[in-house]
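No lab work stands behind these numbers, since they all come straight from the coordinates. If you're wondering where the values come from, they're calculated on a predicted model, not measured in any experiment. All Cβ positions, glycine included, derive from the backbone under ideal geometry; neighbour counts span all protein chains shown.
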Amino acid sequence: MVIGKGYTDRFLSDTEVRQIFIEAFAAAHLEGKRCLFIIPDGTRSAPLPLCFRIIADELLGVAARVDFMVATGTHMSMDEAALQRHLGISSEERKGKYAAVGIYNHDWQHNLLDVGTISAAKVMEASNGLMAQDIKILINANIVNYDCLIIVGPVFPHEVVGFSGGNKYLFPGISGGNMIDATHWLSALITSHEIIGTEDTPVRKLLDHAAGFIPVQRLCFSLVVKGHHDLAGVYFGSPEESQAVAANLSAIWNVVWVDKPFKKVISVMPTLYDDLWTGSKGMYKVEPAVEDGGTIIIYAPHITEVSYVHGAILDRVGYHVRDYFLGNWDKVGQEPAAVLAHACHLKGSGTYINGIERARVNVVLATGIPEERCKCINLGYMNPAAFNPQDWMDKESEGILVVPRAGELLYKLKV
């Protein structure tokens with residue numbers, strides 16, 4: 001059973017949100033239980049300060065433990081100051097009112113627990129024959145110190161899984177690198193263009209199957225967010241059921257349908273994306289609405305790094321279409337598949353025939369990443385100081401779109 005509500009024409013009040021959480025906690029019978037809340041990092045938009053305070057207010061002194069783990073995946077960890085900003089608490093509150101609350105970052109390379117293996121046969125079935133390999137399921141070992149895992153996170157259109165949320169906060173949120181590699185590479189084989197904004201995908205099937213191996217109760221608050229913090233819906237239940245309901249509502253709030261493709265899109269990236277690895281959503285979320293041969297400009301002067309974690313690998317392999325990597329597997333096959341998948345997603349769809357690569361769209365970086373490095377990684381360059389997105393506003397009739405806060409709304413072409 002899913003508890004919660006959502007609207008297509010208004011947002012929930014803070015009082016309504018609190019009431020949903022209270023009803024959910026009562027139904028879950030969390031008295032005396034050790035609860036670990038799995039939350040997104042700073043690259044996701046959600047009213048986490050509101051959620052954190054509701055959870056702490058209602059469960060401290062009721063549950064045996066109330067802790068939080070940031071589902072960083074392979075992103076950078078958040079330091080103490082960033083965590084406090086993320087949750088909307090002061091240093092004084094951290095040491096006083098919330099001193100009993102544990103707040104941790106996931107570390108995808110250490111302290112992992114092996115909970116089982118997805119068989120090659122199951123992978124082949126879930127992927128519709130695209131992959132056939134055993135996948136060991138490694139997850140943060142600290143989960144066994146709790147009676148229940150409770151996910152709290154938004155559901156947006158997503159390039160890897162179709163719509164984010166649910167068990168995606170476990171894989172890759174708090175998992176090991178092998179599961180991340182397998183699921184991301186599967187999405188690259190399908191292509192982001194094909195998978196993004198689709199509610200039932202092969203990758204989702206793999207994630208949900210993997211979650212069934214976890215030896216701890218799993219619950220989930222699935223949030224539908226518009227902008228940075230407005231909640232159009234909150235749903236509580238199993239990760240599978242609550243995410244599915246939220247995805248239906250997210251498809252209304254977070255997908256923009258256009259009548260004809262654009263020849264140029266300028267994605268203005270907010271500062272919550274601090275490297276190209278995360279800022280690449282400015283490409284994923286608009287590619288389906290760009291015509292063949294069109295251009296996507298990622299405008300983010302504040303981004304100066306390709307990836308704080310995987311930059312050296314991306315400097316080696318560059319950004320290429322899927323078929324380029326498949327055609328050069330002897331050179332790149334030893335690299336982490338999740339990194340290759342990211343490179344495919346950002347470069348977009350295209351072909352590689354007789355040694356010639358042709359991307360469907362032209363991706364140009366107007367960022368703090370130098371021109372020479374853009375050339376090295378096979379992406380276009382534009383000097384951000386000589387470019388003003390405001391000059392291109394209100395030109396949709398000319399086939400030019402400016403997205404002021406890119407990375408969350410998905411633009412798709414009406415069929």
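Between Val144 and Leu326, what FRET efficiency comes out of the Förster formula 1/(1 + (r/R0)^6) with R0 = 41 Å and r the beta carbon distance, rounded to 0.05?
That pair, Leu326 with Val144, gives E of 0.55.
First select every other residue whose beta carbon is under 14 angstrom from the beta carbon of Arg18; then total the charges, Lys and Arg +1, Asp and Glu -1.
After counting each charged neighbour, the total is -3.
I need the calculated FRET efficiency for the pair Glu357 and Asp114, taking r as the beta carbon distance and R₀ as 60 Å, to the nearest 0.05.
Taking R0 as 60 Å, the efficiency between Glu357 and Asp114 is 0.95.
Percent relative contact order of segment 305-415, based on C-alpha pairs within less than 8 angstrom and at least six residues apart?
Computed over segment 305-415, the figure is 22 percent.
If one computes the Cα centroid of segment 188-253 and of segment 300-350, what distance in Å separates the two points?
26 Å
Against the longest principal axis of the chain, how steep is helix 48-59, in degrees 0 to 90 to the nearest 10, with axes from Cα atoms?
20 degrees
Multiply the residue separation of Trp257 and Glu371 by 0.36 nm, subtract the distance between their alpha-carbon atoms, and state the gained length in nm to one decimal.
37.7 nm
Could you work out how far helix 337-347 tilts from the main Cα principal axis of the chain, as a 0 to 90 degree angle to the nearest 10?
50 degrees
For segment 233-339, what does the relative contact order come out to in percent, with C-alpha contacts under 8 Å and a separation of six or more?
23 percent
Please work out the Cα convex hull volume for the chain and give it in Å³ per residue.
Normalising the Cα hull of the chain by residue number yields 143 Å³.
Can you flag which of Lys122/Lys285; Lys136/Lys347; Lys168/Lys263; Lys97/Lys168; Lys122/Lys331; Lys281/Lys347 are past 22 Å Cα-Cα?
Lys122/Lys285; Lys136/Lys347; Lys168/Lys263; Lys97/Lys168; Lys122/Lys331
Please give the contour-minus-distance gain from Glu194 to Gln217: 0.36 nm per residue of separation, less the Cα-Cα distance, rounded to one decimal in nm.
5.0 nm
In a Gaussian network model over the chain where Cα atoms closer than 10 Å are linked, find which of Lys285, Lys395, Lys226 has the largest mean-square fluctuation.
Lys395
What residue among Ser187, Ser397, Ser90 shows peak mean-square fluctuation when the chain is described by a Gaussian network model with Cα springs under 10 Å?
Top of the fluctuation ranking is Ser397.
Please give me the summed charge of the neighbours of Glu241: other residues whose Cβ is under 12 Å from its Cβ, Lys and Arg +1, Asp and Glu -1.
-1
What residues qualify as long-range amide H neighbours of Gly153, i.e. H under 5 Å apart, gap of 5 or more or another chain, H built at 1.01 Å from N?
So Gly153 has HN proximity to Phe221, Leu223.
Compute the relative contact order of the chain as a whole-number percentage, counting only Cα pairs closer than 8 Å that sit 6 or more residues apart in sequence.
Value for the chain: 17 percent.
Please determine, in degrees from 0 to 90 and to the nearest 10, the orientation of helix 202-211 with respect to the longest principal axis defined by the Cα atoms of the chain, where the helix direction is its Cα long axis.
Between helix and principal axis, roughly 30 degrees.
Rounded to whole Hz and in sequence order, give me ³J(HN,Hα) for segment 187-196 from the Karplus expression 6.51 cos²θ - 1.76 cosθ + 1.60, θ = phi - 60°, writing x for Gly and Pro.
Listing the rounded values in order: 5, 5, 5, 6, 5, 4, 3, 7, 8, 5 Hz.
At 0.36 nm per residue, minus the direct Cα-Cα distance, what do Lys97 and Asn128 gain on full extension? Give it in nm, one decimal, please.
The span from Lys97 to Asn128 would gain 6.1 nm if fully extended.
Amide H neighbours of Val255 under 5 Å, counting only residues 5+ apart in sequence or on other chains, H built in-plane at 1.01 Å?
Leu410
Might you report the magnitude of the Cβ-based charge dipole of segment 3-253 about its Cα centre, with Lys and Arg at +1 and Asp and Glu at -1, to the nearest 20 debye?
Computed charge dipole of segment 3-253: roughly 260 debye.
Among Asn145, Leu170, Val224, whose Cα projects farthest towards the positive end of the dipole of segment 120-255, with charges put on the beta-carbon of Lys, Arg (+1) and Asp, Glu (-1)?
Highest projection toward the positive end goes to Asn145.
Residue by residue through segment 155-170, which ³J(HN,Hα) values in whole Hz follow from phi under the Karplus form 6.51 cos²θ - 1.76 cosθ + 1.60 (θ = phi - 60°), with glycine and proline marked x?
10, 10, x, 9, 6, 9, 10, x, 10, 6, x, x, 5, 5, 6, 9
What ³J(HN,Hα) values, in whole Hz, does the Karplus curve 6.51 cos²θ - 1.76 cosθ + 1.60 give for segment 41-47 when θ = phi - 60°, with x put for Gly and Pro?
8, x, 8, 10, 8, 5, x
Which residue, Asp57, Asp259, Asp274, has the most motion in a Gaussian network model of the chain that connects Cα atoms within less than 10 Å?
In this elastic network of the chain, the residue with the biggest mean-square fluctuation among Asp57, Asp259, Asp274 is Asp259.
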